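A quick write-up on the structure given underneath.
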Amino acid sequence: MTRAFVFPGQGSQAVGMGRELAEAFEVARLTFEEVDDALNQRLSRLMFEGPEADLTLTENAQPALMAVSVAVLRVLKDQGGLDLTRHAAFVAGHSLGEYSALCAAGAFTLADTARLLKLRGQAMQKAVPVGQGAMAALLGAELEQAQAIAADAAKTPAGLEEVCTVANDNSSGQVVISGHAEAIERAIVIAAERGLKRTVRLPVSAPFHCPLMQPAADAMAEALANVTIGAPAVPVVANVTASAVSDPNEIRRLLVEQVTGMVRWRESVLYMKEQGVDTLVELGSGKVLSGLAKRIDKELAGTSVQGPADVESFLKTL
């Protein structure tokens with residue numbers, strides 16, 4: 001078995017996440033306390049008890065999801081001697097999950113990762129006034145088809161250009177677009193005209209991973225310039241290149257590009273498979289990435305580790 005450890009992105013948060021882990025394992029509880037201290041915020045209470053509306057806020061959801069992922073990893077190390085250099089060929093994460101992957105591989109400290117994600121969430125929220133941007137999932141679309149729909153939707157009736165681009169290429173048949181709200185509405189109409197089975201407006205407060213996020217990219221460039229990045233213990237597959245990266249300066253550059261760039265998740269997973277990976281192990285809240293594994297390639301296995309029972313069953317496979 002050749003594994004890659006993968007880390008979820010926004011949308012996988014849920015009230016109660018991490019609570020059972022903290023109750024069962026001291027190392028998880030200490031991880032959450034470390035994040036709370038780094039942010040000077042009782043984020044763990046928000047994760048365990050809600051309210052959901054506050055947890056879903058981008059500036060809270062991003063560090064919270066990372067905290068659960070790193071807590072699971074530390075529990076696996078503490079309870080079963082997990083060693084990424086021996087047990088993982090790669091790490092990768094979806095959008096904010098790339099920060100979780102970098103922290104897991106030792107490129108960032110936990111405190112720096114928490115602070116970076118808090119800032120990233122705040123900067124992404126501020127980049128576009130609420131209501132001016134939107135995102136939608138085009139279900140049944142392939143990447144090229146979604147790109148063509150987005151390009152046509154970017155043209156206004158008056159002949160002007162708005163932003164409408166592919167934000168996430170998640171799997172065959174699941175592509176997400178992002179941009180100006182009016183352009184996304186036009187894309188939904190065009191998608192229906194071209195026979196797509198379904199489009200879903202996403203309940204997000206900002207249009208992530210598109211050029212409208214440039215102010216957030218600028219904020220992250222400044223923040224990342226002042227953070228120490230070490231060489232990761234295992235290669236990290238970057239969202240924007242869908243290939244492995246280990247050089248700290250390259251990691252810094254790609255994280256800035258990632259804010260406005262497309263998350264090439266389908267290609268990232270296929271890249272890891274080409275390098276011999278046969279199993280994706282998703283660490284943290286939810287089962288989105290492990291669920292996508294077989295949809296990307298039928299030969300891939302996907303498993304999720306988020307609670308004490310998952311920890312126990314996974315450690316038997318090491």
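Size descriptor for the stretch 21-120, Kirkwood hydrodynamic radius: 13.6 Å (Cα pairs only, one decimal). Relative contact order of the chain: 24 percent, from C-alpha pairs under 8 Å at least 6 residues apart in sequence.
Computed over the stretch 237-311, the quotient of the alpha carbon radius of gyration and 2.2 N^0.38 Å is 1.20. In terms of accessible area, using a 1.4 Å probe and ignoring ligands and nucleic acids, 294, 287, 118, 316 rank largest first as 316, 287, 294, 118. The loop-placed trypsin sites (Lys or Arg not before Pro) in the stretch 166-251, going by DSSP, that have at most 11 neighbouring Cβ atoms within 10 Å of their Cβ come out as 197. The value given for the chain is a Kirkwood hydrodynamic radius of 19.6 Å, derived from the mean inverse Cα-Cα separation.
Probing with 1.4 Å while keeping every protein chain in the model, the per residue accessible area of the chain equals 41 Å². Approximating the spin labels as points 7 Å out from Cα along Cα→Cβ, the residue 182-to-residue 317 distance works out to 4.9 nm. Exposure check, 1.4 Å probe, all protein chains in place: residue 210 carries approximately 0 Å² of accessible surface. Semi-axis lengths, largest first, of the ellipsoid equivalent to the stretch 5-74 are 16, 14, 11 Å, with √(5λ) applied to each eigenvalue of the Cα gyration tensor.
Helices of the chain meeting both criteria, an alpha-carbon length of 27 angstrom or more along the long axis and an average Kyte-Doolittle score not below -0.5, with helices taken as full DSSP H segments, are 58-80. Placing 87, 209 in order of accessible area, with the largest value first and a 1.4 Å probe, yields 87, 209. Surface listing: 109, 279 arranged by accessible area from highest to lowest gives 109, 279, probe 1.4 Å. Across 157, 129, 63, mean-square fluctuation computed from a Gaussian network of the chain (C-alpha pairs under 10 Å connected) peaks at 157. Taking all protein chains as shown and a probe of 1.4 angstrom, residue 264 keeps an accessible surface of around 60 Å². Pairs of Cα atoms nearer than 8 Å and 6+ residues apart set the relative contact order; for the stretch 189-318 it is 18 percent. Residue 94 sits among other residues whose Cβ lies under 15 Å from its own Cβ, and their net charge, with Lys and Arg +1 and Asp and Glu -1, is +1.
The values are calculated or read from the model by the stated rules, or taken from the named source; none is laboratory data. Keep in mind the model is a prediction, meaning the values are calculated, not measured. Virtual Cβ from ideal backbone geometry, glycine too; neighbours counted across all protein chains shown. The protein model used for the area step is the full one, side chains on, heavy atoms only, and it has no ligands, DNA or RNA in it. Shrake-Rupley method; radii C 1.70, N 1.55, O 1.52, S 1.80 Å.
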